[in-house]
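Working notes, structure below.
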Amino acid sequence: MEYRQLVATYDRLDATASTIEKTEILATAFEDAGELLPELTQLARGRLFAPWEPDDLGVSSSLTARAIANATGVAHDRVEAWYRETGDLGDAAALAVENRSQATLFSGTLDVATVYETLRGLADYEGAGSQDRRIDDIAGLLADADPDEARYVVRTVVGAMRLGVGEGTIRDAVAAAFLDDSEEAVSAVERAYEVTNDFRTVSETARTRGLDGLASLGVELFRPVKAMLARKAESVADALDSTERPLLEYKYDGMRAKIHVRDGEVRVFTRRLEDVTAQFPDIVAAVEAELDAENAIVEAEVVGYDPETGGPIPFQELSKRIKRTSDIEELAAEYPVTVRVFDLLYRGDGSLLDSPLVERLARLDDLLDADGETLERATHLQPESLEDAEAFYGDALEAGQEGIIVKNLDAAYQPGSRVGYMLKVKPTMEPLDLAVVQAKWSEGRKSEWLGRLRLACWDAEREELREIGRIFSGLTDDELRELTAKLEPLVRSVEGRTAKLRPEVVIEVEYEEIQSSTTYDSGYALRFPRFGGFREDLAPEDADRLERVERLYEEQ
DNA sequence: ACTGATTGCCCC
DNA sequence: ATTCGGT
DNA sequence: ACCGAATGGGCAATCAGT
(Lines give C-alpha, C1' and ligand atoms only; values in the text may rest on other atoms or scores of the structure.)
Protein backbone atom coordinates (compact mmCIF):
# COMPACT_ATOMS: atom_id res chain seq x y z
CA MET A 1 0.00 0.00 0.00
CA GLU A 2 1.39 3.36 -0.96
CA TYR A 3 1.97 5.76 1.90
CA ARG A 4 0.33 8.42 -0.27
CA GLN A 5 -3.01 6.65 0.23
CA LEU A 6 -2.61 6.75 3.98
CA VAL A 7 -1.68 10.44 3.75
CA ALA A 8 -4.93 11.09 1.88
CA THR A 9 -6.74 9.43 4.79
CA TYR A 10 -4.81 11.56 7.32
CA ASP A 11 -5.70 14.70 5.42
CA ARG A 12 -9.37 13.84 5.38
CA LEU A 13 -9.29 13.09 9.11
CA ASP A 14 -7.57 16.40 9.70
CA ALA A 15 -10.17 18.26 7.66
CA THR A 16 -13.27 17.04 9.49
CA ALA A 17 -14.31 17.83 13.04
CA SER A 18 -17.11 15.27 13.08
CA THR A 19 -16.29 12.10 14.99
CA ILE A 20 -18.86 10.24 12.91
CA GLU A 21 -17.07 11.18 9.72
CA LYS A 22 -13.69 10.35 11.23
CA THR A 23 -15.01 6.90 12.08
CA GLU A 24 -16.25 6.39 8.51
CA ILE A 25 -12.98 7.52 6.98
CA LEU A 26 -10.98 5.19 9.20
CA ALA A 27 -13.34 2.28 8.68
CA THR A 28 -12.89 2.56 4.93
CA ALA A 29 -9.12 2.63 5.36
CA PHE A 30 -9.24 -0.46 7.59
CA GLU A 31 -11.42 -2.34 5.10
CA ASP A 32 -8.93 -1.57 2.33
CA ALA A 33 -5.87 -2.37 4.40
CA GLY A 34 -5.78 -6.14 3.85
CA GLU A 35 -2.70 -7.69 5.43
CA LEU A 36 -1.51 -4.27 6.59
CA LEU A 37 -4.44 -3.85 8.96
CA PRO A 38 -2.48 -4.35 12.23
CA GLU A 39 0.09 -1.73 11.20
CA LEU A 40 -2.63 0.63 10.08
CA THR A 41 -4.49 0.51 13.39
CA GLN A 42 -1.27 1.60 15.07
CA LEU A 43 -0.38 4.24 12.50
CA ALA A 44 -3.85 5.76 12.68
CA ARG A 45 -2.94 7.06 16.13
CA GLY A 46 0.65 7.82 15.20
CA ARG A 47 1.81 4.94 17.37
CA LEU A 48 4.06 2.11 16.34
CA PHE A 49 3.96 -0.23 19.31
CA ALA A 50 1.44 -1.89 21.56
CA PRO A 51 1.37 -0.22 24.96
CA TRP A 52 3.38 -2.79 26.84
CA GLU A 53 6.18 -3.01 24.29
CA PRO A 54 9.27 -0.89 24.82
CA ASP A 55 8.71 1.88 22.35
CA ASP A 56 11.65 4.12 22.90
CA LEU A 57 12.45 5.47 19.44
CA GLY A 58 15.19 7.58 21.01
CA VAL A 59 14.38 10.49 18.76
CA SER A 60 12.07 13.41 19.05
CA SER A 61 11.98 16.98 17.87
CA SER A 62 15.59 18.10 17.85
CA LEU A 63 17.05 15.06 16.11
CA THR A 64 14.14 14.97 13.69
CA ALA A 65 14.82 18.58 12.76
CA ARG A 66 18.36 17.54 11.84
CA ALA A 67 17.01 14.66 9.77
CA ILE A 68 14.74 17.06 7.88
CA ALA A 69 17.67 19.34 7.15
CA ASN A 70 19.84 16.44 5.99
CA ALA A 71 17.15 15.00 3.74
CA THR A 72 16.23 18.23 2.03
CA GLY A 73 19.44 20.18 1.93
CA VAL A 74 17.63 23.02 3.67
CA ALA A 75 19.71 24.70 6.36
CA HIS A 76 19.04 23.42 9.87
CA ASP A 77 18.39 26.98 11.05
CA ARG A 78 15.62 27.37 8.51
CA VAL A 79 13.97 24.14 9.58
CA GLU A 80 14.12 25.32 13.17
CA ALA A 81 12.68 28.69 12.14
CA TRP A 82 9.74 27.02 10.38
CA TYR A 83 9.21 24.86 13.42
CA ARG A 84 9.07 27.98 15.55
CA GLU A 85 6.70 29.72 13.18
CA THR A 86 4.28 26.87 12.69
CA GLY A 87 4.63 25.22 16.07
CA ASP A 88 4.53 21.87 14.30
CA LEU A 89 7.59 20.00 13.17
CA GLY A 90 5.50 18.08 10.62
CA ASP A 91 4.51 21.31 8.92
CA ALA A 92 8.13 22.42 9.01
CA ALA A 93 9.08 19.16 7.29
CA ALA A 94 6.48 19.75 4.57
CA LEU A 95 7.88 23.22 3.98
CA ALA A 96 11.42 21.90 3.87
CA VAL A 97 10.50 19.26 1.29
CA GLU A 98 8.73 21.87 -0.83
CA ASN A 99 11.86 23.97 -0.75
CA ARG A 100 14.33 21.14 -1.10
CA SER A 101 17.61 22.06 -2.74
CA GLN A 102 18.42 20.90 -6.25
CA ALA A 103 21.27 18.85 -4.88
CA THR A 104 19.00 16.31 -3.22
CA LEU A 105 17.16 13.77 -5.28
CA PHE A 106 13.51 12.95 -4.94
CA SER A 107 13.77 9.33 -5.79
CA GLY A 108 10.31 7.88 -5.52
CA THR A 109 7.40 7.25 -3.32
CA LEU A 110 6.96 5.54 0.04
CA ASP A 111 4.91 2.54 0.98
CA VAL A 112 3.24 2.01 4.31
CA ALA A 113 5.17 -1.10 5.30
CA THR A 114 8.50 0.62 4.68
CA VAL A 115 7.54 3.60 6.82
CA TYR A 116 6.26 1.40 9.61
CA GLU A 117 9.24 -0.95 9.65
CA THR A 118 11.79 1.84 9.32
CA LEU A 119 10.34 3.82 12.19
CA ARG A 120 10.02 0.73 14.37
CA GLY A 121 13.63 -0.08 13.57
CA LEU A 122 14.79 3.18 15.17
CA ALA A 123 14.24 1.63 18.55
CA ASP A 124 16.78 -1.12 17.87
CA TYR A 125 19.84 1.08 17.50
CA GLU A 126 22.10 1.35 20.51
CA GLY A 127 25.51 2.67 21.41
CA ALA A 128 27.83 5.18 19.82
CA GLY A 129 26.54 6.64 16.60
CA SER A 130 23.02 5.38 17.16
CA GLN A 131 21.58 8.86 16.98
CA ASP A 132 23.25 9.37 13.61
CA ARG A 133 21.78 6.12 12.35
CA ARG A 134 18.34 7.19 13.50
CA ILE A 135 18.74 10.54 11.78
CA ASP A 136 19.91 8.79 8.61
CA ASP A 137 16.90 6.47 8.60
CA ILE A 138 14.41 9.27 9.07
CA ALA A 139 16.22 11.35 6.46
CA GLY A 140 16.03 8.36 4.12
CA LEU A 141 12.27 8.28 4.41
CA LEU A 142 11.99 12.03 3.97
CA ALA A 143 14.22 11.95 0.92
CA ASP A 144 11.59 9.78 -0.77
CA ALA A 145 8.63 11.77 0.50
CA ASP A 146 6.53 14.48 -1.02
CA PRO A 147 5.58 17.36 1.31
CA ASP A 148 2.40 15.78 2.61
CA GLU A 149 4.07 12.44 3.22
CA ALA A 150 6.90 14.19 5.05
CA ARG A 151 4.41 15.96 7.33
CA TYR A 152 2.94 12.72 8.62
CA VAL A 153 6.18 10.76 8.79
CA VAL A 154 7.51 13.47 11.08
CA ARG A 155 4.32 13.68 13.13
CA THR A 156 4.52 9.94 13.64
CA VAL A 157 8.12 10.20 14.79
CA VAL A 158 7.38 12.90 17.33
CA GLY A 159 4.18 11.15 18.43
CA ALA A 160 1.77 14.02 17.79
CA MET A 161 -0.59 13.34 14.89
CA ARG A 162 -3.19 15.83 16.13
CA LEU A 163 -5.87 14.34 13.91
CA GLY A 164 -8.49 13.99 16.62
CA VAL A 165 -8.13 10.22 16.39
CA GLY A 166 -7.63 8.29 19.59
CA GLU A 167 -8.62 4.98 21.07
CA GLY A 168 -12.33 5.66 20.95
CA THR A 169 -12.31 6.46 17.24
CA ILE A 170 -10.20 3.41 16.39
CA ARG A 171 -12.60 1.27 18.41
CA ASP A 172 -15.65 2.57 16.54
CA ALA A 173 -13.90 2.26 13.18
CA VAL A 174 -12.87 -1.35 13.77
CA ALA A 175 -16.46 -2.19 14.66
CA ALA A 176 -17.82 -0.33 11.64
CA ALA A 177 -15.33 -1.94 9.27
CA PHE A 178 -15.67 -5.59 10.27
CA LEU A 179 -18.87 -5.87 12.30
CA ASP A 180 -21.49 -3.14 12.31
CA ASP A 181 -22.19 0.07 14.15
CA SER A 182 -24.46 -1.54 16.76
CA GLU A 183 -23.79 -0.99 20.42
CA GLU A 184 -23.12 -4.69 20.77
CA ALA A 185 -20.37 -4.62 18.18
CA VAL A 186 -18.74 -1.52 19.65
CA SER A 187 -18.80 -3.04 23.15
CA ALA A 188 -17.25 -6.24 21.85
CA VAL A 189 -14.35 -4.33 20.31
CA GLU A 190 -13.99 -2.22 23.41
CA ARG A 191 -13.96 -5.23 25.69
CA ALA A 192 -11.37 -6.97 23.57
CA TYR A 193 -9.20 -3.87 23.65
CA GLU A 194 -9.52 -3.47 27.40
CA VAL A 195 -8.18 -6.94 28.06
CA THR A 196 -5.55 -7.12 25.31
CA ASN A 197 -4.44 -3.49 25.14
CA ASP A 198 -3.49 -4.12 21.54
CA PHE A 199 -5.43 -2.83 18.56
CA ARG A 200 -3.32 -4.97 16.22
CA THR A 201 -4.71 -8.11 17.83
CA VAL A 202 -8.21 -6.70 18.13
CA SER A 203 -8.53 -5.47 14.55
CA GLU A 204 -7.06 -8.64 13.06
CA THR A 205 -9.37 -10.78 15.19
CA ALA A 206 -12.40 -8.73 14.22
CA ARG A 207 -11.47 -9.01 10.55
CA THR A 208 -10.83 -12.73 10.46
CA ARG A 209 -13.06 -14.12 13.19
CA GLY A 210 -15.74 -11.52 13.82
CA LEU A 211 -17.77 -11.12 16.97
CA ASP A 212 -17.12 -14.64 18.23
CA GLY A 213 -13.40 -14.19 17.81
CA LEU A 214 -13.45 -10.98 19.83
CA ALA A 215 -15.45 -12.66 22.57
CA SER A 216 -12.80 -15.37 22.82
CA LEU A 217 -10.13 -12.79 23.67
CA GLY A 218 -9.98 -12.81 27.44
CA VAL A 219 -7.74 -11.85 30.32
CA GLU A 220 -4.36 -13.54 30.04
CA LEU A 221 -1.62 -13.65 32.61
CA PHE A 222 1.42 -11.49 31.75
CA ARG A 223 -0.72 -9.46 29.34
CA PRO A 224 -1.82 -6.42 31.33
CA VAL A 225 -5.43 -5.31 31.47
CA LYS A 226 -6.18 -1.59 31.24
CA ALA A 227 -6.40 0.03 34.64
CA MET A 228 -9.64 1.26 36.15
CA LEU A 229 -9.24 4.99 36.77
CA ALA A 230 -10.89 7.23 39.33
CA ARG A 231 -12.75 10.46 38.67
CA LYS A 232 -12.60 13.46 40.92
CA ALA A 233 -15.34 14.24 43.45
CA GLU A 234 -15.64 17.63 45.09
CA SER A 235 -16.30 16.31 48.57
CA VAL A 236 -16.83 13.18 50.60
CA ALA A 237 -20.53 13.95 50.66
CA ASP A 238 -20.72 14.26 46.87
CA ALA A 239 -18.85 11.02 46.41
CA LEU A 240 -21.14 9.14 48.79
CA ASP A 241 -24.23 10.63 47.15
CA SER A 242 -23.36 9.10 43.82
CA THR A 243 -22.23 5.71 45.13
CA GLU A 244 -24.77 2.96 45.83
CA ARG A 245 -22.85 0.77 48.23
CA PRO A 246 -19.67 2.61 49.09
CA LEU A 247 -16.33 1.24 50.14
CA LEU A 248 -13.68 3.78 51.16
CA GLU A 249 -9.95 3.28 50.79
CA TYR A 250 -6.94 5.45 51.53
CA LYS A 251 -5.47 7.05 48.41
CA TYR A 252 -1.71 6.66 48.63
CA ASP A 253 0.91 8.74 46.84
CA GLY A 254 2.85 5.96 45.19
CA MET A 255 2.98 3.93 42.02
CA ARG A 256 0.01 1.99 40.69
CA ALA A 257 1.05 -1.62 40.18
CA LYS A 258 -0.57 -4.59 38.53
CA ILE A 259 0.99 -7.78 39.81
CA HIS A 260 0.60 -10.96 37.76
CA VAL A 261 1.42 -14.44 39.05
CA ARG A 262 1.61 -17.26 36.51
CA ASP A 263 2.56 -20.74 37.66
CA GLY A 264 4.20 -19.10 40.65
CA GLU A 265 6.24 -16.62 38.56
CA VAL A 266 5.66 -12.97 39.48
CA ARG A 267 5.65 -9.92 37.21
CA VAL A 268 5.00 -6.31 38.12
CA PHE A 269 3.49 -3.80 35.68
CA THR A 270 2.94 -0.04 35.94
CA ARG A 271 -0.29 1.74 35.14
CA ARG A 272 0.96 2.30 31.58
CA LEU A 273 1.76 -1.40 31.44
CA GLU A 274 5.53 -1.14 31.59
CA ASP A 275 7.18 -4.23 33.05
CA VAL A 276 9.07 -3.14 36.18
CA THR A 277 9.65 -6.59 37.66
CA ALA A 278 13.42 -6.13 37.55
CA GLN A 279 13.16 -2.89 39.54
CA PHE A 280 11.19 -4.41 42.41
CA PRO A 281 12.72 -7.72 43.53
CA ASP A 282 11.38 -6.96 47.01
CA ILE A 283 7.83 -6.99 45.67
CA VAL A 284 8.44 -10.27 43.86
CA ALA A 285 9.76 -11.85 47.06
CA ALA A 286 6.87 -10.46 49.10
CA VAL A 287 4.27 -11.78 46.66
CA GLU A 288 5.91 -15.21 46.69
CA ALA A 289 5.85 -15.23 50.47
CA GLU A 290 2.57 -13.53 51.26
CA LEU A 291 0.16 -14.29 48.43
CA ASP A 292 -1.26 -17.77 48.38
CA ALA A 293 -1.81 -18.21 44.63
CA GLU A 294 -0.04 -19.87 41.72
CA ASN A 295 -2.11 -17.87 39.22
CA ALA A 296 -3.53 -14.46 39.98
CA ILE A 297 -3.64 -10.76 39.12
CA VAL A 298 -3.72 -8.34 42.02
CA GLU A 299 -3.73 -4.58 41.86
CA ALA A 300 -2.01 -2.36 44.38
CA GLU A 301 -0.37 0.95 45.16
CA VAL A 302 3.35 0.66 45.85
CA VAL A 303 4.22 3.12 48.61
CA GLY A 304 7.71 4.07 49.73
CA TYR A 305 8.63 4.60 53.36
CA ASP A 306 11.61 5.82 55.29
CA PRO A 307 13.33 2.79 56.87
CA GLU A 308 14.51 4.94 59.79
CA THR A 309 11.22 6.48 60.78
CA GLY A 310 8.71 4.27 59.00
CA GLY A 311 6.98 7.40 57.71
CA PRO A 312 5.88 8.00 54.11
CA ILE A 313 8.41 9.50 51.67
CA PRO A 314 7.76 11.95 48.80
CA PHE A 315 6.86 10.37 45.50
CA GLN A 316 10.04 11.87 44.00
CA GLU A 317 12.11 9.49 46.11
CA LEU A 318 10.13 6.38 45.26
CA SER A 319 10.33 7.33 41.60
CA LYS A 320 14.08 6.83 41.68
CA ARG A 321 13.40 3.12 41.73
CA ILE A 322 10.98 2.91 38.82
CA LYS A 323 13.40 3.11 35.89
CA ARG A 324 16.53 2.11 37.69
CA THR A 325 18.65 -0.61 36.09
CA SER A 326 21.72 -0.65 38.34
CA ASP A 327 22.19 -0.99 42.10
CA ILE A 328 18.66 -2.32 42.37
CA GLU A 329 19.21 -3.97 45.76
CA GLU A 330 20.81 -0.87 47.27
CA LEU A 331 17.92 1.29 46.11
CA ALA A 332 15.44 -1.27 47.47
CA ALA A 333 17.14 -1.05 50.87
CA GLU A 334 17.24 2.74 50.79
CA TYR A 335 13.65 3.13 49.64
CA PRO A 336 11.71 0.10 50.89
CA VAL A 337 8.06 -0.21 49.93
CA THR A 338 4.82 -1.56 51.21
CA VAL A 339 2.33 -2.92 48.72
CA ARG A 340 -1.18 -1.71 49.48
CA VAL A 341 -3.37 -4.22 47.68
CA PHE A 342 -6.87 -3.20 46.65
CA ASP A 343 -8.19 -5.52 43.96
CA LEU A 344 -8.08 -9.04 42.53
CA LEU A 345 -8.70 -9.33 38.78
CA TYR A 346 -7.90 -12.97 38.19
CA ARG A 347 -7.66 -16.03 40.31
CA GLY A 348 -6.84 -19.65 39.61
CA ASP A 349 -8.12 -20.19 36.12
CA GLY A 350 -10.38 -17.28 35.42
CA SER A 351 -11.06 -13.59 35.12
CA LEU A 352 -12.89 -11.80 37.89
CA LEU A 353 -13.49 -8.61 35.93
CA ASP A 354 -17.23 -9.19 35.84
CA SER A 355 -17.54 -10.09 39.52
CA PRO A 356 -18.69 -7.36 41.88
CA LEU A 357 -16.03 -5.67 43.96
CA VAL A 358 -17.35 -7.24 47.18
CA GLU A 359 -16.66 -10.69 45.77
CA ARG A 360 -13.25 -9.80 44.36
CA LEU A 361 -12.21 -8.44 47.75
CA ALA A 362 -13.48 -11.50 49.62
CA ARG A 363 -11.35 -13.69 47.36
CA LEU A 364 -8.41 -11.33 47.74
CA ASP A 365 -8.60 -11.65 51.53
CA ASP A 366 -8.53 -15.43 51.13
CA LEU A 367 -5.20 -15.21 49.31
CA LEU A 368 -3.45 -12.64 51.49
CA ASP A 369 -1.30 -13.65 54.41
CA ALA A 370 -2.90 -11.77 57.31
CA ASP A 371 0.50 -11.32 59.00
CA GLY A 372 2.36 -10.35 55.84
CA GLU A 373 4.92 -7.59 56.27
CA THR A 374 4.84 -6.05 52.82
CA LEU A 375 1.52 -6.95 51.25
CA GLU A 376 -1.37 -5.38 53.03
CA ARG A 377 -4.91 -4.44 52.08
CA ALA A 378 -5.25 -0.71 51.48
CA THR A 379 -6.76 0.76 54.64
CA HIS A 380 -10.51 0.63 54.05
CA LEU A 381 -13.92 1.16 55.58
CA GLN A 382 -17.51 0.44 54.72
CA PRO A 383 -19.07 3.60 56.17
CA GLU A 384 -22.34 3.58 58.07
CA SER A 385 -22.84 7.31 57.69
CA LEU A 386 -21.44 10.49 56.20
CA GLU A 387 -19.82 11.24 59.57
CA ASP A 388 -18.07 7.88 59.42
CA ALA A 389 -16.79 8.63 55.97
CA GLU A 390 -15.59 12.11 56.84
CA ALA A 391 -13.78 10.83 59.89
CA PHE A 392 -12.08 8.21 57.72
CA TYR A 393 -11.06 10.93 55.25
CA GLY A 394 -9.63 12.91 58.16
CA ASP A 395 -7.66 9.85 59.27
CA ALA A 396 -6.22 9.41 55.81
CA LEU A 397 -4.97 13.00 55.72
CA GLU A 398 -3.73 12.73 59.29
CA ALA A 399 -1.71 9.68 58.26
CA GLY A 400 -0.04 11.77 55.56
CA GLN A 401 -1.89 10.17 52.63
CA GLU A 402 -3.39 12.00 49.64
CA GLY A 403 -7.06 11.45 50.37
CA ILE A 404 -9.53 8.65 49.80
CA ILE A 405 -10.99 6.58 46.99
CA VAL A 406 -14.71 5.82 46.98
CA LYS A 407 -15.73 2.59 45.25
CA ASN A 408 -18.98 0.79 44.68
CA LEU A 409 -19.04 -2.72 46.18
CA ASP A 410 -21.60 -3.85 43.62
CA ALA A 411 -19.63 -2.72 40.58
CA ALA A 412 -17.62 -4.87 38.20
CA TYR A 413 -14.04 -3.95 37.32
CA GLN A 414 -14.41 -1.37 34.57
CA PRO A 415 -11.12 -0.65 32.79
CA GLY A 416 -10.60 2.98 31.84
CA SER A 417 -12.26 6.06 33.26
CA ARG A 418 -16.05 5.91 33.46
CA VAL A 419 -18.71 7.51 35.47
CA GLY A 420 -20.18 5.53 38.32
CA TYR A 421 -17.32 3.23 39.23
CA MET A 422 -14.69 4.98 41.29
CA LEU A 423 -14.17 8.46 42.74
CA LYS A 424 -11.28 10.18 44.46
CA VAL A 425 -11.47 12.91 47.07
CA LYS A 426 -8.44 15.08 47.77
CA PRO A 427 -8.08 18.35 49.69
CA THR A 428 -7.49 21.58 47.78
CA MET A 429 -4.44 23.62 48.69
CA GLU A 430 -4.47 27.35 49.31
CA PRO A 431 -3.58 28.96 45.97
CA LEU A 432 -0.44 31.06 45.49
CA ASP A 433 -0.21 34.47 43.83
CA LEU A 434 2.77 34.44 41.49
CA ALA A 435 4.43 36.82 39.04
CA VAL A 436 4.69 35.89 35.35
CA VAL A 437 8.32 36.25 34.22
CA GLN A 438 8.36 34.31 30.96
CA ALA A 439 5.92 32.84 28.45
CA LYS A 440 6.00 30.55 25.43
CA TRP A 441 3.78 30.44 22.40
CA SER A 442 1.68 27.30 22.62
CA GLU A 443 1.40 24.44 20.12
CA GLY A 444 -1.34 23.17 17.85
CA ARG A 445 -4.70 24.86 18.06
CA LYS A 446 -3.34 27.29 20.63
CA SER A 447 -0.16 28.18 18.77
CA GLU A 448 -1.13 31.83 18.27
CA TRP A 449 -1.34 32.40 21.99
CA LEU A 450 1.17 33.04 24.70
CA GLY A 451 0.59 30.44 27.36
CA ARG A 452 3.03 28.17 29.17
CA LEU A 453 3.98 30.72 31.80
CA ARG A 454 7.04 30.68 33.98
CA LEU A 455 6.29 31.93 37.46
CA ALA A 456 8.08 33.44 40.41
CA CYS A 457 7.46 34.25 44.04
CA TRP A 458 8.91 37.21 45.91
CA ASP A 459 12.02 36.91 48.03
CA ALA A 460 11.50 39.74 50.52
CA GLU A 461 15.01 39.46 51.95
CA ARG A 462 16.81 39.87 48.64
CA GLU A 463 13.99 41.95 47.14
CA GLU A 464 13.86 39.92 43.96
CA LEU A 465 11.72 37.35 42.22
CA ARG A 466 12.57 33.68 42.53
CA GLU A 467 11.28 31.15 40.04
CA ILE A 468 9.04 28.36 41.23
CA GLY A 469 7.87 26.62 38.05
CA ARG A 470 5.41 26.93 35.20
CA ILE A 471 1.71 26.64 34.71
CA PHE A 472 0.22 23.92 32.63
CA SER A 473 -3.51 24.19 32.33
CA GLY A 474 -6.61 25.84 33.60
CA LEU A 475 -6.83 28.64 31.06
CA THR A 476 -9.91 28.89 28.90
CA ASP A 477 -9.50 30.13 25.34
CA ASP A 478 -10.84 33.52 26.39
CA GLU A 479 -8.36 33.73 29.24
CA LEU A 480 -5.52 32.70 26.92
CA ARG A 481 -6.54 35.47 24.54
CA GLU A 482 -6.67 37.98 27.38
CA LEU A 483 -3.35 36.75 28.72
CA THR A 484 -1.70 37.14 25.33
CA ALA A 485 -2.95 40.71 25.07
CA LYS A 486 -1.62 41.50 28.54
CA LEU A 487 1.78 39.91 27.99
CA GLU A 488 2.68 40.98 24.48
CA PRO A 489 3.46 44.60 25.51
CA LEU A 490 5.73 43.25 28.24
CA VAL A 491 7.98 41.21 25.95
CA ARG A 492 11.62 42.10 26.51
CA SER A 493 13.23 39.56 24.21
CA VAL A 494 12.28 36.56 22.13
CA GLU A 495 14.21 33.35 21.66
CA GLY A 496 12.52 30.66 19.61
CA ARG A 497 8.98 30.38 20.89
CA THR A 498 9.96 31.76 24.29
CA ALA A 499 9.40 35.37 25.34
CA LYS A 500 11.09 36.93 28.36
CA LEU A 501 8.78 39.42 30.05
CA ARG A 502 8.85 42.42 32.30
CA PRO A 503 7.28 40.93 35.41
CA GLU A 504 4.10 42.93 35.80
CA VAL A 505 1.31 40.39 35.60
CA VAL A 506 0.38 38.42 38.72
CA ILE A 507 -1.87 35.37 38.64
CA GLU A 508 -3.39 32.99 41.11
CA VAL A 509 -2.07 29.45 40.84
CA GLU A 510 -3.66 26.25 42.13
CA TYR A 511 -1.63 23.10 42.69
CA GLU A 512 -1.61 19.74 44.45
CA GLU A 513 1.62 19.94 46.35
CA ILE A 514 4.83 21.92 46.84
CA GLN A 515 7.93 19.91 45.97
CA SER A 516 11.56 20.65 46.61
CA SER A 517 13.32 21.43 43.35
CA THR A 518 16.80 21.86 41.96
CA THR A 519 15.42 23.23 38.69
CA TYR A 520 14.14 26.54 40.05
CA ASP A 521 16.08 29.08 42.05
CA SER A 522 13.43 29.34 44.74
CA GLY A 523 14.30 25.75 45.61
CA TYR A 524 10.65 24.76 45.21
CA ALA A 525 8.29 23.70 42.44
CA LEU A 526 4.58 23.04 42.21
CA ARG A 527 3.00 19.67 41.45
CA PHE A 528 0.17 19.96 38.89
CA PRO A 529 0.06 23.76 38.77
CA ARG A 530 -2.91 25.38 37.05
CA PHE A 531 -4.29 28.84 36.42
CA GLY A 532 -6.73 30.14 38.99
CA GLY A 533 -7.36 33.68 37.73
CA PHE A 534 -5.76 37.09 37.21
CA ARG A 535 -4.75 39.23 40.18
CA GLU A 536 -5.08 42.67 38.59
CA ASP A 537 -4.79 44.17 42.07
CA LEU A 538 -1.27 42.86 42.69
CA ALA A 539 2.18 43.98 41.61
CA PRO A 540 5.12 41.55 41.43
CA GLU A 541 6.37 42.63 44.84
CA ASP A 542 2.96 41.63 46.17
CA ALA A 543 3.36 38.05 44.94
CA ASP A 544 3.47 35.40 47.61
CA ARG A 545 6.66 35.42 49.64
CA LEU A 546 9.23 32.68 49.49
CA GLU A 547 8.75 32.41 53.26
CA ARG A 548 5.13 31.46 52.77
CA VAL A 549 6.08 28.83 50.21
CA GLU A 550 8.59 27.42 52.68
CA ARG A 551 5.99 27.37 55.41
CA LEU A 552 3.40 25.63 53.23
CA TYR A 553 6.02 23.09 52.17
CA GLU A 554 6.78 22.26 55.79
CA GLU A 555 3.12 22.04 56.73
CA GLN A 556 1.91 19.60 54.10
C1' DA B 1 35.73 9.87 32.92
C1' DC B 2 32.95 13.53 33.13
C1' DT B 3 29.13 17.00 31.65
C1' DG B 4 25.15 18.65 29.38
C1' DA B 5 21.37 17.83 26.31
C1' DT B 6 17.72 14.89 25.11
C1' DT B 7 14.19 11.46 25.72
C1' DG B 8 9.96 9.06 27.55
C1' DC B 9 1.88 6.23 24.75
C1' DC B 10 7.87 7.56 31.86
C1' DC B 11 5.97 8.04 36.73
C1' DC B 12 2.82 11.19 39.19
C1' DA C 1 -1.35 13.79 36.26
C1' DT C 2 -5.35 18.18 35.25
C1' DT C 3 -8.18 20.96 32.49
C1' DC C 4 -10.58 22.64 28.50
C1' DG C 5 -13.36 22.42 24.13
C1' DG C 6 -15.87 19.79 20.61
C1' DT C 7 -19.35 16.52 19.66
C1' DA D 1 -20.79 11.61 29.00
C1' DC D 2 -17.00 10.82 26.30
C1' DC D 3 -12.97 11.84 23.75
C1' DG D 4 -8.76 14.08 22.33
C1' DA D 5 -5.31 17.70 22.85
C1' DA D 6 -2.10 20.27 25.44
C1' DT D 7 0.33 21.08 29.35
C1' DG D 8 3.20 20.68 34.57
C1' DG D 9 7.73 18.48 37.92
C1' DG D 10 11.21 15.09 38.21
C1' DC D 11 13.42 10.80 37.57
C1' DA D 12 17.16 7.37 35.16
C1' DA D 13 19.02 6.24 30.93
C1' DT D 14 21.40 7.36 26.83
C1' DC D 15 24.54 9.56 23.94
C1' DA D 16 27.40 13.47 21.87
C1' DG D 17 31.06 16.14 22.97
C1' DT D 18 35.09 17.05 25.46
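The values are calculated or read from the model by the stated rules, or taken from the named source; none is laboratory data. Quantities reported herein were computed from a predicted structural model and do not represent experimental measurements. Cβ atoms come from the backbone with ideal geometry, glycine included; neighbour counts cover every protein chain shown.
Some points to look at:
- Check on residue A:184, in a helix (DSSP H, G or I), in contact with a strand residue (DSSP E or B) (Cβ under 9 Å, 6 or more places away or on another chain), closer than 28 Å to residue A:345 by Cβ and not small (Gly, Ala, Ser): no
- Residues of region A:237-291 classified as within 16 Å of DNA strand C (Cβ to nearest atom) and assigned to a loop (DSSP other than H, G, I, E, B), total: 9
- Taking residues in region A:74-99 that are within 14 Å of residue A:441 (Cβ to Cβ), and partners anywhere that are loosely packed, with under 15 Cβ neighbours inside 10 Å and not small (Gly, Ala, Ser), the pairs with Cβ atoms closer than 8 Å and at least 6 places apart or on different chains are A:88/A:162.
- Check on residue A:468, in contact with a Ser or Thr (Cβ under 6 Å, 6 or more places away or on another chain) and modelled with pLDDT of 95 or more: yes
- Scan of region A:391-413 for residues that are surrounded by fewer than 18 Cβ atoms within 10 Å (Cβ to Cβ) and either within 21 Å of the chain's Cα centre (by Cα) or assigned to a helix (DSSP H, G or I) (or both), ordered by number: A:391, A:394, A:395, A:397, A:398
- Filter result for residue A:294 (surrounded by fewer than 20 Cβ atoms within 10 Å (Cβ to Cβ), in a loop (DSSP other than H, G, I, E, B) and within 15 Å of DNA strand D (Cβ to nearest atom)): no
- Any hit, region A:322-329, residues being on the phi > 0 side of the Ramachandran plot and surrounded by fewer than 21 Cβ atoms within 10 Å (Cβ to Cβ): yes
- Scanning region A:256-278 for any residue that is exposed (fewer than 15 other Cβ atoms within 10 Å of the Cβ), touching a residue at least 40 places away in the same chain (Cβ under 8 Å) and either in contact with an Asp or Glu (Cβ under 7 Å, 6 or more places away or on another chain) or not assigned by TED's automatic domain parsing to the domain that holds residue A:414 (or both) turns up nothing.
- Inter-residue pairs, beta-carbon under 7 Å, first touching a residue at least 12 places away in the same chain (Cβ under 8 Å) and outside any helix (DSSP H, G or I) and in region A:135-147, second buried (at least 21 other Cβ atoms within 10 Å of the Cβ) and not acidic (Asp, Glu), 6+ apart: A:144/A:110; A:145/A:97; A:145/A:110; A:145/A:153; A:146/A:97
- Search result, residues across region A:527-556 that are in a helix (DSSP H, G or I), under 15 Å from residue A:517 (Cα atoms) and in contact with a strand residue (DSSP E or B) (Cβ under 8 Å, 6 or more places away or on another chain): A:546, A:549, A:550, A:552, A:553
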